[in-house]
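Student: Can you read through this structure? Questions will come right after.
The values are calculated or read from the model by the stated rules, or taken from the named source; none is laboratory data. Treat the numbers as computed from the prediction; the structure is a model and nothing was measured. Glycine gets a Cβ as well: all are built from the backbone with ideal geometry, and neighbour counts include every protein chain shown. Only protein heavy atoms, including side chains, enter the accessible area calculation; ligands, DNA and RNA are left aside. Shrake-Rupley method; radii C 1.70, N 1.55, O 1.52, S 1.80 Å.
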Amino acid sequence: MITTVIVLYAAKKSKTVQFQDFDKNVLLKIFPLPLLYVANHVTGLASTKKLSLPMFTVLRKFTILMTMILEAYILRKTFPKRLVYSVVTIVFGAMIAASSDLAFDVEGYTFILLNDAFTAASGVYTKKKLGDKGLGKYGVLFYNALIIVIPTVLASAFTGDLHKIAVQSCFAFVLIFFRFVLMYSIVLCSHYNSALTTTVVGAVKNIAVAYIGMFVGGDYLFSWTNFLGLSICMSGGLMYSYMTFNKKPSGSDTGAQKLKLQISEESAGKYSKV
């Protein structure tokens, strides 16, 4: 958060980026993103501690269903049937895997489902806030970090985590740098895509985490039903990504392309005559 504030403030002063100056309306514009951001990270870390990597990965897929529901309710968005079917496949596989989890942990499941809800809400509201002309993607990043940085530092000092970070300063610096890159990448992805696409594409990267986690860590208890559920869930994510990035242009887009081509041909004909 501190890195985000410093980098974007310097960029704003040097006229590299532009976003709204701070005033009392900023708090209303950015709300509830800061609260969702903190809640997302707290529940995410708590669930990571309680669950094995494969189960953490597969249960995170419920974020996709929640994101779809919130986009339909808040952003009034509709989805093609093929995308709905792929999301249903993801959730179906996650349910199979969860039903046969031999290392079931009530507290871990509670944290991960809360984390799914906070992640979905954060993604959808980020997309909504990006539509605000005053904030923009840089304003969302800057003011989200600025508002919660002081409470987070105080909470970290109270729990003793701040001291641990100071002891491992080199490792912490690397994490801070990549966390800034990650935060910017998520906001940028939400800017150019839907919140649902950001969620699904982010989940696809966890395929490697899920399968590697079966052999690393020692906390995954193998069963064929659980493995089948994991595989179905991952296949649904890949299917969604394929259909999203290989969708055919709509009729209006095709018409626009034909019109542009026709205008270009007519212009070329005129110049050739000249």
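Student: Show me the ranking of peptides 37-49, 225-237 by mean Cβ neighbours inside 10 Å, starting with the highest.
Tutor: With the highest mean Cβ count within 10 Å placed first, the list reads 225-237, 37-49.
Student: Do the alpha carbons of any pairs in K49/K77; K49/K164; K24/K77; K49/K127; K49/K129 sit beyond 24 Å of each other, and which pairs?
Tutor: K49/K77; K24/K77; K49/K127; K49/K129
Student: Could you grab the relative contact order for segment 15-116? Cα pairs under 8 Å, six or more apart, rounded to a whole percent.
Tutor: 48 percent
Student: How would you order 136-147, 116-127, 179-190, 8-19 from highest to lowest mean count of nearby Cβ atoms within 10 Å?
Tutor: 116-127, 136-147, 179-190, 8-19
Student: Could you tell me the distance between the Cα centroids of segment 44-89 and segment 173-194, to the nearest Å?
Tutor: 19 Å
Student: Taking the Cα centre of segment 1-57 as origin, work out the dipole magnitude from +1 charges on Lys and Arg Cβ and -1 charges on Asp and Glu Cβ, in debye rounded to 20.
Tutor: The calculated dipole for segment 1-57 is roughly 60 debye.
Student: Shifting gears a bit: Over segment 54-140, what percent of the accessible surface lies on carbon and sulfur atoms, probe 1.4 Å?
Tutor: About 67 percent, which is the carbon plus sulfur part of the accessible surface.
Student: Which whole-number value in Å² is the accessible area per residue of segment 1-43, probe 1.4 Å?
Tutor: 64 Å²
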